[in-house]
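Below is one structure, written out as structure tokens; comments come after it.
Each value in this text was obtained by applying a stated rule to the coordinates, not by laboratory testing. Values in this document were obtained by computation on a predicted structure and should not be read as measured data. So basically every Cβ, Gly included, is an ideal-geometry build from the backbone, and we count neighbours across all protein chains shown.
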Amino acid sequence: MNKRNLIVICALLTVTPSMHAQDMLSQFYCWLLGNQDVRQEYADLARQALATLGVSNPHEVPIKQTNGVGPMIARVDALSSYTAYGIWLDQAYLDTCSLPERLIQIYHEAGHYAHRHHQKLVIGAAICAPLVCAAFALFNNLMGVDGKLKYSMLSIQMLIAAATADAYLLPAIVKQQEKEADLAGARALISEGKSDVVIAYINLLKSCTAARDALWWPSVDEQIAYLEALVS
């Protein structure tokens, strides 16, 4: 099955109200991204965060350990956590974190899940790809392109469109989702009376000297600014 068909199928299942369809997607992602449960304390924290963020039946959300597939798909060396039809955590990494870092990381992923960020990306891709393809096909028809040249040009145009979206549009969307998840997680912690955790994390960010990929994530200065605005 090619990638385009897989995206379309996932999008259709995403918008399908059937719980059976949602269960199928969860099982598929667990098979793909890792199906080993995290330690109970991390699972409990994640489900507490989901409950605070208003997710119904948080006990049914898969909370799993990461494998190597997620970072490979994202084209990065390592991912401490990520969210799709469940939450995947790098347990070994979390074990090395301070308590504020650990809580922020887990609540951040719960924010992604509560806002259905992965589903929105899949649906957006499934809707936009056919529309862009149809627009290019119409353009080629208007230009009088026909025969084998028409399909060759359409293939090249779609590759250019996909590369452009991957380089510019997708990073902008993901960066906005990262900010939204940061704020959702921080709000959840504050609502639980854990403002001190958010403040402690801000102080950790201020002492951070490591560079961050500003293409996919807000910069450290940006993150400090919107978290400080939230707690103030």
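With a cut-off of 11 Å between beta carbons, the residues surrounding Gln91 carry a summed charge of -1, where Lys and Arg count +1 and Asp and Glu -1. Projecting the Cα positions of Leu204, Tyr85, Leu183 onto the charge dipole of the range 80-222 (unit charges on Cβ atoms of Lys, Arg, Asp and Glu, taken about the Cα centre) puts Tyr85 furthest along the positive direction.
Multiplying the residue separation of Glu180 and Ala214 by 0.36 nm and subtracting their alpha-carbon distance yields 10.7 nm. For the range 88-151, the dipole from Cβ point charges (+1 on Lys and Arg, -1 on Asp and Glu) about the Cα centre works out to 380 debye, to the nearest 20. Each peptide in 217-225, 181-189, 60-68 was scored by the mean count of other Cβ atoms within 10 Å over its residues; highest first, the order is 181-189, 60-68, 217-225. Net charge dipole, the range 123-232: roughly 340 debye, given to the nearest 20, about the Cα centre with Cβ charges of +1 for Lys and Arg and -1 for Asp and Glu.
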